[in-house]
Amino acid sequence: MAIKNWFVRSERLHSKSSGLITYGSYLIDKEHKNHKGKTTAIHDIYGNVTNFIQTSAREAIELDLKNAQGKGGRPVDSYAQSFVLTLPDGVHKPSREQWKAITKDVLIDAFKKLNKTPEEMRGHFFANVHDQKNPHLNILISKVVDGQSLRAVNQVGIIGAMKKS
């Protein structure tokens with residue numbers, strides 16, 4: 001059964017590695033002030049946030065160095081894109097296994113929009129769920145993969161692909 005009317009918010013993470021570290025830490029912190037009293041559980045779905053941060057930062061810095069030594073190019077201003085997918089009112093809370101299946105479908109469609117396979121994206125994404133009154137799925141996707149900047153990751157088309165999943 002398809003879920004209709006997902007709310008999907010996309011946001012560029014600013015401040016390079018420090019912004020990525022701050023946001024990644026927030027996503028997994030059960031004691032954060034925004035989570036206390038609201039979030040009953042935080043479920044890791046895919047990836048490890050520390051490994052994701054290290055991979056994203058390393059690849060972005062390597063691309064910046066390559067551009068500085070070569071023909072040039074814009075510096076990487078943001079290392080990752082954040083997506084928050086919130087269930088519409090009235091939808092029964094999915095189990096952890098259902099969230100995992102939902103996340104898999106969403107990521108496969110997002111990767112297609114980026115012209116990447118799940119194998120190529122391994123280590124370049126992180127996902128977890130904040131279980132609360134309005135449960136939501138958090139997804140982080142690297143903006144640089146294998147030395148290539150993924151411009152489509154912050155374009156409207158990827159949001160549409162995620163909503164249709």
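The values are calculated or read from the model by the stated rules, or taken from the named source; none is laboratory data. Treat the numbers as computed from the prediction; the structure is a model and nothing was measured. So basically every Cβ, Gly included, is an ideal-geometry build from the backbone, and we count neighbours across all protein chains shown. Heavy atoms of the whole protein, side chains included, go into the accessibility calculation; ligands, DNA and RNA do not. Shrake-Rupley method; radii C 1.70, N 1.55, O 1.52, S 1.80 Å.
What shape does the range 1-144 have by the C-alpha gyration tensor, where a ≥ b ≥ c are the square roots of the eigenvalues, rounded means a/c under 1.5, and otherwise prolate means a/b greater than b/c and oblate the rest? Note, shape of the range 1-144 comes out prolate. Report the paramagnetic label zone for His14: residues of the range 124-165 whose backbone N is under 20 Å from a point 7 Å from Cα along the Cα-to-Cβ axis. Within reach of a label on His14, which here means backbone N under 20 Å from a point 7 Å along Cα→Cβ, the range 124-165 contributes 140-144, 153-156. Charged neighbours of Ala41, selected by a Cβ distance under 10 Å, balance to +1 (K, R count +1; D, E count -1).
Based on DSSP H segments of at least four residues, each scored -39500 (n - 2.57), the chain has a per-residue ellipticity at 222 nm of -12000 deg cm²/dmol. Highest mean first, the peptides 27-35, 151-159, 51-59 sorted by other C-beta atoms within 10 Å per residue fall in the order 51-59, 151-159, 27-35.
The residues of the chain present an accessible area of 57 Å² per residue when probed at 1.4 Å with all protein chains retained.
For the chain, modelled as a GNM with alpha-carbon contacts under 10 angstrom, which of Ser78, Ser142, Ser25 fluctuates the most? In this elastic network of the chain, the residue with the biggest mean-square fluctuation among Ser78, Ser142, Ser25 is Ser25.
Within a straight-line Cα-Cα reach of under 18 Å, Lys163 can be paired with the following lysines, leaving aside sequence neighbours fewer than 8 residues apart in one chain: Lys4, Lys93, Lys100, Lys104, Lys112, Lys113.
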